[in-house]
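Beneath this line is the structure, given in structure tokens, with notes to follow.
The values are calculated or read from the model by the stated rules, or taken from the named source; none is laboratory data. As the structure is a prediction and not an experimental result, all values here were calculated from the model. Note that we place each Cβ from the backbone using ideal geometry, even for glycine, and neighbour counts take in every protein chain shown.
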Amino acid sequence: MNVKRALIGAVCIIAVMALVSCEEREFPSRTVELLVPFGAGGGADTTARAIQPLLAQELDVAVRVTNVPGGASAVGTIQAFSQPADGYTILVVTQSTTLVDVFDRMPFRFIDEFVPLARVQTEIAALWAAPGGRFQTIQQVIDYARAGGMITVTGSSPGGLDEALIEAFNFSAGIDLTLVPLQTIGERMASVIGGHVDLIVEYPSALMDMAAIGGIVPLVFLSDDPIDFPLFAHVPYSGQVGVTGMNPLRLWRILTVRRDTPQEIRDLLVAALYNVVYSPTYQAWEEINGMDMMPSWLGPEETSELLVYTENQLTDIFRALGRL
């Protein structure tokens, strides 16, 4: 009888110790999710998938990418907000999410409920034309528009970053390029190559293959300052032709978590992401995809300032357009 009781007691002690051990396991102890509030194949998705295996290696747990598109990122952002603030759900955002705030498309403000871990990607848009089209330099575009000629530019739907880019360019240049919104990159490219639209506003990563064979020609990068892009070293930046105010509209990709996530978990994730972004693998991926025009990494505090600044800039632009 005493032996039986001793065995039962030992089993109970082992069970309690195992339970305590499970409760005390440090973060992370299970799969971490990168939630992308956009469809598969876009820039935010491909960036998340480039980060995925490297972050898994840093955290020593599985990392999965989940796409939750809809509502210009609102649907996925709401889903991320519904998850516990435990660091296991990391939301990937772009300016589209900031625009959701600007237009009050969610029951809460993203900027109030989420905190950035880091900026992990930056891209600078360009205006592109078809080879052999009627415009082969950005100065031709500006001169023709200033003389009263109509020039069309295709981009994504109104109320998005593409429209903000075109309107900021118009304001600084004193011209009136006309936005022709088309839903997909394929439709937009076809409209330019076919001569139905004069220009397209797009990012190098989306057009690298076409540009490499001369199927599309960049006329100007939308940047106030010089950029480091050897492949297109001959292409001017907008500041060179007197068009400024474009820097606040550089496309960024930022990883965020709920604001009430414990600080020690946020710190661990920041450290892991820093190692990912500066790893040779990620750096090589950026170079291959034309995403290395400027440093990608920005820490939490600087990224928080960037979010506020971007939201204010976008609010001013769409207020001036009479949308707010």
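Test residue 55 against the stated conditions and say whether it is outside any helix (DSSP H, G or I) and closer than 18 Å to residue 257 by Cβ.
Numbers: outside any helix (DSSP H, G or I): no; closer than 18 Å to residue 257 by Cβ: yes.
Criteria not met by residue 55.
Can you give me the ranges of the helices (runs of 4 or more DSSP H) entirely in the stretch 209-324 with at least 1 residues that are touching a Gly at 6+ places or on another chain (Cβ under 6 Å)? Give the derivation first.
On the way: elements: 263-277, 280-288, 300-320.
Those helices (runs of 4 or more DSSP H) span 263-277.
Going by the conditions given, is residue 142 farther than 26 Å from residue 49 by Cβ and of a type in the set (Val, Ile, Thr)? So that I can check it myself, show each step before the final result.
Details: farther than 26 Å from residue 49 by Cβ: yes; of a type in the set (Val, Ile, Thr): yes.
Yes.
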Taking only pairs six or more apart or across chains, which ones have beta-carbon atoms under 9 Å, a first residue in the stretch 234-261 that is within 13 Å of residue 125 (Cα to Cα), and a second residue that is basic (Lys, Arg)? 252/119
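Select, from 286, 202, the only residue that is surrounded by 15 or more Cβ atoms within 10 Å (Cβ to Cβ) and outside the structural domain of residue 166 (by TED's automatic domain parsing).
Values: 202 fails: outside the structural domain of residue 166 (by TED's automatic domain parsing).
The conditions single out 286.
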Pair list, Cβ under 8 Å, 6 or more apart: the stretch 65-87 residue closer than 21 Å to residue 40 by Cα and in a helix (DSSP H, G or I), other residue among the hydrophobic types (A, V, I, L, M, F, W, C) and modelled with pLDDT under 95: 71/100; 72/99; 72/100; 73/38; 73/100; 74/100; 76/38; 77/100
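Using the structure shown, decide if residue 261 is farther than 26 Å from residue 161 by Cα and assigned by TED's automatic domain parsing to the domain that holds residue 85. Don't jump to the end; show me each part of the working.
Numbers: farther than 26 Å from residue 161 by Cα: yes; assigned by TED's automatic domain parsing to the domain that holds residue 85: yes.
Spelling it out, residue 261 is indeed farther than 26 Å from residue 161 by Cα and assigned by TED's automatic domain parsing to the domain that holds residue 85.
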How do the pairs read when you match residues in the stretch 139-159 that are assigned by TED's automatic domain parsing to the domain that holds residue 185 and on the phi < 0 side of the Ramachandran plot with residues anywhere that are surrounded by 13 or more Cβ atoms within 10 Å (Cβ to Cβ) and acidic (Asp, Glu), using Cβ under 7 Å and keeping only pairs 6 or more apart or on different chains? 145/176; 151/198; 152/198; 153/198; 155/162; 155/163; 156/162
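Test residue 277 against the stated conditions and say whether it is surrounded by 14 or more Cβ atoms within 10 Å (Cβ to Cβ), in contact (Cβ under 8 Å) with a residue 40 or more places away in the chain and within 21 Å of residue 204 (Cα to Cα). Full working, then the answer.
Details: surrounded by 14 or more Cβ atoms within 10 Å (Cβ to Cβ): yes; in contact (Cβ under 8 Å) with a residue 40 or more places away in the chain: yes; within 21 Å of residue 204 (Cα to Cα): yes.
Criteria met by residue 277.
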Every pair of residues 6+ apart whose Cβ atoms lie under 8 Å, when the first sits in the stretch 296-324 and is within 21 Å of residue 48 (Cα to Cα) while the second is loosely packed, with under 13 Cβ neighbours inside 10 Å: 297/278
List every residue pair whose Cβ atoms lie under 8 Å apart, where the two residues are 6 or more positions apart in sequence or sit on different chains, the first residue falls within the stretch 95-114 and is part of a loop (DSSP other than H, G, I, E, B), and the second residue, located anywhere, is buried (at least 18 other Cβ atoms within 10 Å of the Cβ) and of a type in the set (Ser, Thr, Tyr). 106/77
